[in-house]
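The values are calculated or read from the model by the stated rules, or taken from the named source; none is laboratory data. Because the structure is predicted, anything quoted here is derived from the model rather than measured. Glycine gets a Cβ as well: all are built from the backbone with ideal geometry, and neighbour counts include every protein chain shown. The accessibility values were calculated without ligands, DNA or RNA, using every heavy atom of the protein model including side chains. Shrake-Rupley method; radii C 1.70, N 1.55, O 1.52, S 1.80 Å.
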Amino acid sequence: MSTVVSPSKEGSSSDHEDLALTRPALHPPGKVVRRRKLFIITGIAGAVVVVLALALGLGLGLGLKKTSNLSYVTTNSSFLLDQNFVVTNTTTTRYYEFIISEAVGSPDGVERTMLVVNNQFPGPLIEVNSGDELVVNVFNQLPNGTTIHWHGQLQNGTNYMDGTNGITQCPIPPGMNFTYRFTINPNQYGTFWYHAHASTQYTDGIYGPLIIHSLSEPIYGQYDREALVILSGFVSVFFFVCVLRATLFLDWYDVMSSGLLTQYLSSAGIDGSNYGGVNPGAEPPPDSGLINGKMNGSSFDLQPNLRYRLRLINMGSLTEFMFSVDSHVLSVVEADGTSLVPVDVHRVPIHVAQRYSVILTTNQTAGSYNVRAEMQATCYKLSNPNLNTMVLATMTYGASPTTPNTQDWSDAFPSLCLDLNSTMIVPQIAMNPPNSTDTVQIFMSFQQTTQSGGTQTLAFMNSTSWQAESTNPTLLQMSKLGIQTTFDSSQLVITNDNITVVDLILNNYDDASHPFHLHGHVFWILGEGDGDYQSGVSQFNTTNPPRRDTLTLPGYGWIAIRFITDNPGLWAFHCHIGWHMAAGLLMQFASLPSQIQQFEMPSYLSDQCTQQSGGLVAN
């Protein structure tokens, strides 16, 4: 159900507990409000299809679940925004109901079980104004626990609504519900999204867009229409098992990401790529990309001579995309909710969890054009010979749709697996960072380690590989015990009870780039380079540097960001490649723990921790 409720009905604090009854989620969602058309380009790494190659005489069955009793997914091939939505400074409460469940779908033609929101893939659009109160009642009909994270939301004063498994809450138990209630920061606007934040669940389809409108947004009114372009979706994985150098034959199995994750973390790795520990952290490569929830064939009808704001979101789990439209220049005007001085480009690189807005003007010859979302396969550690990296859609205006014969831009993009050059990301509202008062230096790597269950490939930040505290989240630990600096050995937590200005230096000992996201903050990107960061040698830019919430750390390189610890709570900083976070590539900042004691957390948050059982997600 997606409905807007007046403040008089849902706006009072007394309704808080009533909206979070831990009762079975048995009722289907209501009819979703129809909205004006948005575009969705769906790429890799949302849901998973695996090809398991078996060595001669060896069987490694993963045990497929019967899906005959599951409903079939409704593909959101085009979102519709409410044409009557009023962008205003007058705030209200907006109420949604989400039912998280399993369903059968075939986004790339291969039928499999997926995880979905309200039986939709991708999930429903949330549309709000700055300052609105957002209430989302999430019912969990999965056999395992889950959480929903509101990516990019500052959550100042409501850290317990951040939706991070093992940090701000325990998973919502099967058959129960959790009400997320928080106020959108009045100074926040732009393009955001939501997704599951428990193990690799969002890889299987639990995600959707969150758009924040504001009259104060610098680029508001500089375009005629809006559209949304979501890059995410579906994965087919192609891998081999080598045994005694036997000739291989292939069987295709549709599996959930949990089965694929087991292979990824194993000592052998995907495709046997990590035998001998020579290639730790080699991720499952995708086999297909999707546009509008389909592999190919989507078309978009526009009007001529209009300026369209295309909101780009990469909801994938692994792949960076290169977005372009044949013969049309794109003016980049937003990055992760920060309005930019417009810069014209032919292509926009967008890594996992990042967002851009571009303005496209339909002023070329009437007809049909290719819309391209090219998957950057050179960023993968493993190749897939069956992968078609060029994902296409058709854009038409001023004529009847036809099969486009337009050509891609002839100029080559100067670098792959990285963001736009920092000189192109200039915030419209200039803001120089304050002088730093603290420096934290992190070294990230992948290593084979011996655990109680055998050898695994894990990810490390300094000497710590994170595991979710799914029955005792670090936020609840801090709220019960007060200021603490000692946690379980699987938790790297930087604690400070004063407002500090932190320089976070991240050094990458892996050959691949990594998209890192900091919860609850917008940070300045001060600099980046090859090799290790060298104090006193590496250069920082402190004159209106780029501001965003998701960065790209270069392979075998470093990046430096600066942020202010003025937002009380436990905040995750992690790689947004789903496989990497599940392998342990996450740390936390505990800001102003004395204020955590003053949080008015709903009782159902701790109650659900006491009800955890075998329904916990695997991490």
Any residue that is open to solvent by 60 Å² or more (accessible area, probe 1.4 Å), touching a Phe, Trp or Tyr at 6+ places or on another chain (Cβ under 9 Å) and not polar (S, T, N, Q) - is there at least one of those in region 488-495? no
Members of region 260-270 found to be open to solvent by 20 Å² or more (accessible area, probe 1.4 Å) and part of a helix (DSSP H, G or I), listed by number: T262, Q263
Looking for something of a type in the set (A, V, I, L, M) and under 18 Å from S513 (Cα atoms) - is there at least one such residue anywhere in region 377-394? yes
If you go through region 429-456, how many residues are among the polar types (S, T, N, Q) and under 18 Å from W579 (Cβ atoms)? 7
Could you check G281 against (1) at pLDDT below 85; (2) open to solvent by 10 Å² or more (accessible area, probe 1.4 Å); (3) within 24 Å of the chain's Cα centre (by Cα) and say which number it fails? (2)
Restricting region 388-409 to residues that are modelled with pLDDT under 90 and open to solvent by 30 Å² or more (accessible area, probe 1.4 Å), the one farthest from V345 (Cα to Cα) turns out to be N388
If V116 satisfies every condition in (1) touching a residue at least 60 places away in the same chain (Cβ under 8 Å); (2) within 23 Å of A335 (Cα to Cα) but one, which is the exception? (2)
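Against the definition (among the small types (G, A, S), modelled with pLDDT under 50 and in a loop (DSSP other than H, G, I, E, B)), how does G61 come out, yes or no?
When the stated conditions are applied, G61 passes them.
In region 470-487, how many are in a helix (DSSP H, G or I) and out of contact with any Phe, Trp or Tyr (no Cβ under 8 Å at 6 or more places or on another chain)?
The initial filter retains those residues of region 470-487 that are in a helix (DSSP H, G or I), namely 474-481.
Remaining after also requiring out of contact with any Phe, Trp or Tyr (no Cβ under 8 Å at 6 or more places or on another chain): 476, 478, 480-481.
Total meeting the criteria: 4.
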May I ask you to list pairs of residues, at least six apart or on different chains, whose Cβ atoms are under 8 Å apart, with the first in region 194-217 being without any contact (Cβ under 8 Å) to a residue 60 or more places away in the chain and the second being outside any loop (DSSP other than H, G, I, E, B) and open to solvent by less than 10 Å² (accessible area, probe 1.4 Å)? H197/I148; H197/H149; H197/N165
Answer yes or no: is there a residue in region 146-163 that is acidic (D, E) and open to solvent by less than 10 Å² (accessible area, probe 1.4 Å). yes
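Given the criteria over 28 Å from the mean Cα position of the chain (by Cα), modelled with pLDDT of 90 or more and within 25 Å of I505 (Cβ to Cβ), does D419 qualify? Break it down stepwise before answering.
On the way: over 28 Å from the mean Cα position of the chain (by Cα): no; modelled with pLDDT of 90 or more: yes; within 25 Å of I505 (Cβ to Cβ): yes.
Against the criterion (over 28 Å from the mean Cα position of the chain (by Cα), modelled with pLDDT of 90 or more and within 25 Å of I505 (Cβ to Cβ)), D419 does not qualify.
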The number of residues in region 428-459 that are touching a strand residue (DSSP E or B) at 6+ places or on another chain (Cβ under 9 Å), open to solvent by 70 Å² or more (accessible area, probe 1.4 Å) and among the hydroxyl-bearing types (S, T, Y) is 3
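Counting only residues that are of a type in the set (S, T, N, Q), open to solvent by 50 Å² or more (accessible area, probe 1.4 Å) and in a helix (DSSP H, G or I), how many does region 595-613 have? Walk me through it before giving the result.
If we filter region 595-613 for residues that are of a type in the set (S, T, N, Q), which is where we start, we get 595, 597-598, 603, 606, 608, 610-613.
Pick out the ones that are also open to solvent by 50 Å² or more (accessible area, probe 1.4 Å) and you get 595, 597-598, 603, 610-611, 613.
The next check asks that each one be in a helix (DSSP H, G or I); those that pass are 595, 603, 610.
Adding up the residues that qualify gives 3.
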With the requirement that a residue be over 18 Å from Q608 (Cα atoms), in contact (Cβ under 8 Å) with a residue 60 or more places away in the chain and in contact with a helix residue (DSSP H, G or I) (Cβ under 9 Å, 6 or more places away or on another chain), what does region 154-193 give you? Q155, G157
Are any residues in region 342-374 under 14 Å from N305 (Cα atoms), open to solvent by 20 Å² or more (accessible area, probe 1.4 Å) and part of a loop (DSSP other than H, G, I, E, B), and if so, which ones? N363, Q364, T365, A366
